[in-house]
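One structure below.
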């Protein structure tokens, strides 16, 4: 059997020590969560979850081509009612009250419910898949989506949901956030766009490097953009400049794939992604700690009840309540 000696032995010892140090530091940078898996009454993939108060929440998901499911809870996520409301997947839900809200999805689907999800008024934007929707004001809405990576769009309406002014862009757009009725951000495949006139027009910002699948502004002073390839960037001046607070994947680190970022306030936030990955920051993104794994399912969305508790949803109908 080959036995390293001399210089080789010294080299192998240094490699072992470096690896051991990496392992130790990684262990120090993990945190544990108390988790409880709730029954969703579906095995469909879940793409979004929102809560309008401590008890009432909604989730949505499905299969891209065959079914869209809408879920509702009235006991803080402990149990859920599940209904099929669409022939294609639902990607996003947005609720204005505990009873009145909207769900959007594949093939331009829009479903509006006035009665807590018991019935839906169905319409179609004609824009293609809708990955996100936001309402900076009651009647002004923004939707965004795309087909593949190189065919995207952003659309704007001033009548709530009916007449859409569509702008085609060269990148798929996955997420929308706003800081006020005029300043709106849309992010997607390698791009971040900003509107300063309520969504009537968008301009690209000087951002590169990842597929920015999610963004969140806990306040006008802080905005975060999470990339599928593991990076997180931050702005504190409404997108005039960005700082990388978590670097993207590389060949020498554990690979992570993010899906959703959510902040409770300027300091406390979470990001979730594939294979059950979750990270937490308590200092405005300056440092991130990985949450000890509690599921292998891809986690696609998160809602927060406080700085230390919330709920995550993911593939195969998985729903988990968590508490630090």
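The values are calculated or read from the model by the stated rules, or taken from the named source; none is laboratory data. In this text the structure is predicted, and so the values were computed from the model without any measurement. Because the Cβ atoms are built from the backbone with ideal geometry, glycine has one as well, and the counts that use them run over all protein chains shown.
Numbers at a glance
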{"item": "Among residues of the stretch 296-324, those that are over 14 Å from residue 77 (Cα atoms), more than 16 Å from the chain's Cα centre (by Cα) and without any contact (Cβ under 8 Å) to a residue 40 or more places away in the chain, counted", "result": "1"}
{"item": "Criterion: assigned to a loop (DSSP other than H, G, I, E, B), surrounded by fewer than 17 Cβ atoms within 10 Å (Cβ to Cβ) and at pLDDT 95 or above - qualifying residue of 115, 206", "result": "115"}
{"item": "Among the residues listed as 68, 77, 61, the single one being part of a loop (DSSP other than H, G, I, E, B), buried (at least 21 other Cβ atoms within 10 Å of the Cβ) and within 22 Å of the chain's Cα centre (by Cα)", "result": "77"}
{"item": "Qualifying residue in the stretch 156-167 (condition: over 23 Å from residue 225 (Cα atoms), in contact (Cβ under 8 Å) with a residue 40 or more places away in the chain and not in a strand (DSSP E or B))", "result": "yes"}
{"item": "Qualifying position, being in contact with a helix residue (DSSP H, G or I) (Cβ under 9 Å, 6 or more places away or on another chain), under 18 Å from residue 175 (Cβ atoms) and buried (at least 22 other Cβ atoms within 10 Å of the Cβ), among 263, 258, 225, 212", "result": "258"}
{"item": "Filtered residues of the stretch 25-58 (kept if under 17 Å from the mean Cα position of the chain (by Cα) and either under 20 Å from residue 107 (Cβ atoms) or surrounded by fewer than 19 Cβ atoms within 10 Å (Cβ to Cβ) (or both))", "result": "45, 46, 47, 48, 50"}
{"item": "Residue in the stretch 229-238 that is surrounded by fewer than 23 Cβ atoms within 10 Å (Cβ to Cβ), touching a residue at least 24 places away in the same chain (Cβ under 8 Å) and more than 23 Å from residue 148 (Cα to Cα) present", "result": "yes"}
{"item": "Where residue 275 falls short, out of the listed (1) in contact with a strand residue (DSSP E or B) (Cβ under 8 Å, 6 or more places away or on another chain); (2) within 28 Å of residue 318 (Cβ to Cβ); (3) not in a loop (DSSP other than H, G, I, E, B)", "result": "(1)"}
{"item": "Among the residues listed as 102, 122, the single one being on the phi < 0 side of the Ramachandran plot, crowded, with 20+ Cβ neighbours inside 10 Å, touching a strand residue (DSSP E or B) at 6+ places or on another chain (Cβ under 7 Å) and in a strand (DSSP E or B)", "result": "102"}
